[in-house]
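Where a number appears in this text, it was derived from the coordinates with a stated rule and is not lab data. Treat the numbers as computed from the prediction; the structure is a model and nothing was measured. Methodologically, a virtual Cβ is constructed for each residue, glycine included, from the backbone with ideal geometry; neighbour enumeration extends over all protein chains shown.
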């Protein structure tokens, strides 16, 4: 006669069997460290080029970023005099979007990670 598997083989070990025990209704918690650091911001940078007119660059800044004429002209003059201007700072994905849009307007734009 063959021996069949009995129920005690598939039941969990009893508390008095020598294994780890926890009182009924007690939940063990494990302390975990959570990372709360924010991702560093990204700069959208526009560089000077000999092709685009200053009025065109001003118009693009107004259209893309919604800047007032004065703010757009200030960034355009910074590009003209210094050779570059940080026109926007923020998260990586919006920065990638702005760089792409500015490049579609044929401006020399790129992005760099801001210093933490």
Ascending count of other beta-carbon atoms within 10 Å, so fewest first, for 26, 46, 64: 26, 64, 46
message: Tell me whether region 74-114 comes out rounded, prolate or oblate; compute the Cα gyration tensor, take square roots of the eigenvalues as a ≥ b ≥ c, and use a/c under 1.5 as the rounded threshold.
response: oblate
